[in-house]
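Once you've had a glance at the structure underneath, I'll fire off some questions.
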Amino acid sequence: MELLIANLDAFRDFFSHYLPVKNPVLILALTLLIILFAPLVLKRFRIPGIIGLIIAGVIIGPNTLHIIEKSTSFELFSKTGLLYIMFLAGLEIDMHEYKQNRAKSLVFGAFTFFIPIIIGYLVCVYIFGFTLWPALLLASMFSTHTLLSYPIVSNMGIVKNRAVQISFGGTIITDSAVLILLGVITNVVGGEINSMFWVRLVFSLAILAFSVLYLLPKVSRWFFRNVEGQGSSQYIYVLAVVFISGFFSELAGVEPIIGAFLAGLALNRVIPHNSILMNRVIFIGNTIFIPFFLISAGMLVDFSLFFKGADALIFAGVLSLVALVTKWLAAQATGAIYHYTKHEKRVIFGLSSSHAAATLAVIKVGYDIGLFEQNVINGTIILILITCMVSSFVTERAARGIAITEKETSKKIIDRSERILVPVSNPENIARLIDLALIIKDEKSNEPIYPLSIVEENEDADEKINVVKKVIDGVVEQISSGDQKVQVLKKVDLSIVDGIARTAKAYSISDILISWRAQQGSGNLIFGSIADNLLVKTKQSIIISKVIQPLNTYQRILVLLTPNAELESGFNLVVRKISIILKQMGSQAVIYGQEKTIEAFAKLNQDKKREYYDYHTLTGFDGSDIIDKAQEDDLFIFLSSRKQTVSFDFHIDNMPKNLNKNNEFTSFIVFYPESLKTLSGTSQITEMTIPAIQENLEKVIHLKDKIKDIFKGSSNS
C-alpha cells in the first residue's frame, strides 16, 4: 500500500511539473488534435460535434485536468472565432429572403428581447431578491444569445430557410439592445450618465453603421477589382475587415461582435455566396477559428460547482430554466404568428437558446462593477453549458427535419440533374468561367462542375491539351478547399463544336458555359462560329460570357428579356440561374421586357409585388438607348433564344454584338434556354423566315434614315 501511495504521489508530482502545457507550439498541436478527434469520437454516441468541442474544452480546462494553459495566443484565436461566427451569420444571410422577412425579424427580435428580460426581471426581484439595477442587468442576460449552433444549420444546408434567416435578424436586434442596455447601466452605476452620453452613443452608432454598411462595400469593390486573381490577399483583406469593424464597434461603445456582424452584412453584397472566396472564408472559419472559440467556451466550465452545496445548484438550475423557457416562448410566439412548421419553430428555439459570448460579457461587466457576486458567475457558467447542449441537440434534430423536407421539395421542382459543362480551349479566362459556373449552380445540386479541356486534333494537340489541363487543375485546386465538386475532362476532336456536343450528350449535361472572348470569330457572326454551331447542334442551355472584371465588383445589373421568353420550355431554369446571380451579387438590378414576360419573371423570383428590382416595361426592342447609357461597372444579362423559336427576336440577338462594338469594356452574359429538339440532322427551315425578313426590312429603313441624316446635315452646313 505504501508503495502504491508513493507511486501515485510520484505520478501526481510528475504531471504537476509538466502541466499545464505552456509551450505555444505544443498548445497548438494539442488543440488541433482535439479539433480533429473530439467530434469523431463523440459522433459515435450521437453527440453533436459542437458539444464534443465544448466537452473537450471542459476536460482540458483549468477547472478540470488543466492540461492547457489559456495563453494570449489561445485567447486571440478564441476571440477570432467569436467574431467569425457573427461575421458568417451576416455574410450568409440571403438578402432577398431577409427583405421578405425583415418585419418578421423585428417581431422575433422584440419577442426574444422583451419576454426573457421581463420574466427574468420578475424572477430576479421576487425570487432572488435583487435590487433594481442588478436585477435588470441579470435579466438582460436572458435576452442575449450566441449563434453557437450556426455551424449545424450551415452544414445541413438550410442557412437560407426563413426560420434561420429571422433567427439571424433577431440575434442582432436583441444582442444590440442588451449591449446598449449594458452600456447604459454601467454608466448609471458609475454616475457618468447625462445628456451628452446619449448624444455620443447615438452619434457613434450612426457613424459605425454608415462606415461599415455604406463605405465598406464601395472600398471592397475597388479592392477586389484591383487584386483579382490573388486569392490569399482577398482572404486577408476579409479577415482584416472583420477585426477593424469589431474595433470600430468598440470605439462606438458596443461589443465588437456587433461590428463583425455588420461587416458580414456589408460584404454580403460583395462576395457571391457560391464564389471561390466564399468557399475559403467558410472553410477556414469552420476548420480553425470557430472550433477554438468552442473549446475556449468549454474551458470556462467548472464541474466542481455541483459539489459545493444545494444553493449553487438551485440558483444555476433556476437561471437555466428561465433562460430556456423564455427563449422557447419567444420562438413559439413567433412561429404561431407566421404559421411556421414545428421544425422551423424548433430551429428558432435551438439557434436562440444558446448563451455564451454576449452572456459572459454582460455578467463579467456586472461582476467587475460590483453588481454581482461569485455565485452569479458560477450559475452563469453552468447555464452556458446547459443551454449550449440543449441548443446543439434541438438545432441538429430540427435542422435535419427541415433539410429533409426541403430536399424532397427541391426534387419535385428540379426535373433532372443540373450539370454544367465549361469547355476551354484557351486557358485565359478559365478562372472567371468556373467562378461564374459556381455562382449559377444550384446550391442544392450535388452534381460536379465539368471543365472540359478541348482542342482540335493536329500535330500539337497533345501539348496544347496538357497546357490547358494544367491551368484548369490549378484553378480547381483553389476551389477544392471549399469542398466544391469539380470533375475535369479532356478531349481531342476533329471539330471543337462536335467534341463539345458529344461530351454534353455523354455526360447528360444541362448547361454549356463558354467564353465570348475565346469563341470570337470573324464575319457577321455575333459570337463566332463555335457558339453559333453549338446553338444549332445542341439542345442544352447555352451561356455565353464576356466578364472582364470580378463578378463581385459590378455596381449595376441590367437584364433584358426577349419577348415571349416565358413560352420557352427552358424559361424557368434560365430564370432560376439569373435569379441566383441577382441575389448573390447584391447589385442594383434593372429588368427590361414586355409586360407578360416581366410578370412571369417576377413570379419565378417570388417578387409579385415588384419591390426588389426596378422593372421597365418595353413595347419595342431597339435597345440602342439602353446600350448607349451603359457604364463600365454595368453587367448586362440577355435572355435570348435560338433562331426559329417562338421567342426569337433579332434585336435582342444583335444587342451583345452592338454592345461589344460600342462599349468594349462593358461585360455581358447571354442565356439561351434549352431547346426540346436539336436542329442538326433535320431539314432546316430557310433563313428567309418572317423574323429574318423583318430584320432585313428594318436594316433597310435604318440605312435610309442614316442617309437622310447625312444629307440633312450637309444641307444645314
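From the list Ser647, Ser641, which one is under 22 Å from Arg576 (Cβ atoms), assigned to a loop (DSSP other than H, G, I, E, B), at pLDDT below 80 and touching a Pro at 6+ places or on another chain (Cβ under 8 Å)?
Working: Ser641 fails: at pLDDT below 80.
Residue meeting the stated conditions: Ser647.
Residue check, Ala431 against (1) at pLDDT 80 or above; (2) part of a helix (DSSP H, G or I); (3) over 30 Å from Trp133 (Cβ atoms), all met but one. Which one?
(1)
Now, a different point. Based on this model, can you work out whether Ala602 counts as closer than 15 Å to Phe668 by Cβ and either free of Cβ contacts under 8 Å to residues at least 24 places away in the same chain or aliphatic (A, V, I, L, M) (or both)? Working first, answer last.
Working: closer than 15 Å to Phe668 by Cβ: no; either free of Cβ contacts under 8 Å to residues at least 24 places away in the same chain or aliphatic (A, V, I, L, M) (or both): yes.
So Ala602 fails the test.
Quick grid of which residues meet (1) under 26 Å from Arg642 (Cβ atoms); (2) within 21 Å of the chain's Cα centre (by Cα); (3) modelled with pLDDT under 85:
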{"site": "Ile557", "(1), (2), (3)": "yes, yes, no"}
{"site": "Ser569", "(1), (2), (3)": "yes, no, yes"}
{"site": "Ser587", "(1), (2), (3)": "no, yes, yes"}
{"site": "Ile591", "(1), (2), (3)": "yes, no, no"}
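Within the stretch 222-271, restricting attention to residues that are without any contact (Cβ under 8 Å) to a residue 40 or more places away in the chain and hydroxyl-bearing (Ser, Thr, Tyr), which residue is surrounded by the fewest Cβ atoms within 10 Å (Cβ to Cβ)?
In this case the residue turns out to be Ser232.
From Val123, Val178, Val164, Val188, grab the single residue that is assigned by TED's automatic domain parsing to the domain that holds Ile258, surrounded by fewer than 17 Cβ atoms within 10 Å (Cβ to Cβ) and in a helix (DSSP H, G or I).
On the way: Val123 fails: surrounded by fewer than 17 Cβ atoms within 10 Å (Cβ to Cβ); Val178 fails: surrounded by fewer than 17 Cβ atoms within 10 Å (Cβ to Cβ); Val164 fails: surrounded by fewer than 17 Cβ atoms within 10 Å (Cβ to Cβ).
Only one candidate passes the filter, namely Val188.
Right, here's the next one. Take residues that are at pLDDT below 80 and either surrounded by fewer than 18 Cβ atoms within 10 Å (Cβ to Cβ) or assigned by TED's automatic domain parsing to the domain that holds Phe638 (or both) and tell me which of the strands (runs of 3 or more DSSP E) falling wholly in the stretch 446-531 contain 3 or more. Quick ask: steps written out before the conclusion?
Values: elements: 449-456, 489-493, 511-515.
Because the criterion is at least 3 residues that are at pLDDT below 80 and either surrounded by fewer than 18 Cβ atoms within 10 Å (Cβ to Cβ) or assigned by TED's automatic domain parsing to the domain that holds Phe638 (or both), the strands (runs of 3 or more DSSP E) in the stretch 446-531 that meet it are 489-493.
With the requirement that a residue be farther than 30 Å from Asn226 by Cα, β-branched (Val, Ile, Thr) and without any contact (Cβ under 8 Å) to a residue 60 or more places away in the chain, what does the stretch 605-649 give you?
Thr617, Thr619
I've got another one for you. Restricting to the stretch 126-161, name every residue that is part of a loop (DSSP other than H, G, I, E, B) and either among the aromatic types (Phe, Trp, Tyr) or outside the structural domain of Leu91 (by TED's automatic domain parsing) (or both). Can you show your working first?
From the stretch 126-161, those part of a loop (DSSP other than H, G, I, E, B) are 127-131, 144-149, 157-161; that's our starting set.
Phe128, Phe130 - these are the residues of the stretch 126-161 that are part of a loop (DSSP other than H, G, I, E, B) and either among the aromatic types (Phe, Trp, Tyr) or outside the structural domain of Leu91 (by TED's automatic domain parsing) (or both).
I need every pair where a residue in the stretch 380-402 that is farther than 17 Å from Lys345 by Cβ and modelled with pLDDT of 85 or more has its Cβ under 9 Å from the Cβ of a residue that is buried (at least 24 other Cβ atoms within 10 Å of the Cβ) and of a type in the set (D, E, K, R), sequence separation at least 6 or different chains.
If the second residue must be buried (at least 24 other Cβ atoms within 10 Å of the Cβ) and of a type in the set (D, E, K, R), the pairs left are Thr387/Lys327.
Results for (1) of a type in the set (Val, Ile, Thr); (2) in the same structural domain as Ile434 (by TED's automatic domain parsing); (3) more than 25 Å from the chain's Cα centre (by Cα), shown as yes or no for each residue.
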site: Met196; (1), (2), (3): no, no, yes
site: Ile207; (1), (2), (3): yes, no, yes
site: Arg221; (1), (2), (3): no, no, no
site: Leu239; (1), (2), (3): no, no, no
site: Glu255; (1), (2), (3): no, no, no
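The values are calculated or read from the model by the stated rules, or taken from the named source; none is laboratory data. Computed from a predicted structure; not experimentally measured. We place every Cβ from the backbone using ideal geometry, glycine too, and count neighbours over all the protein chains shown.
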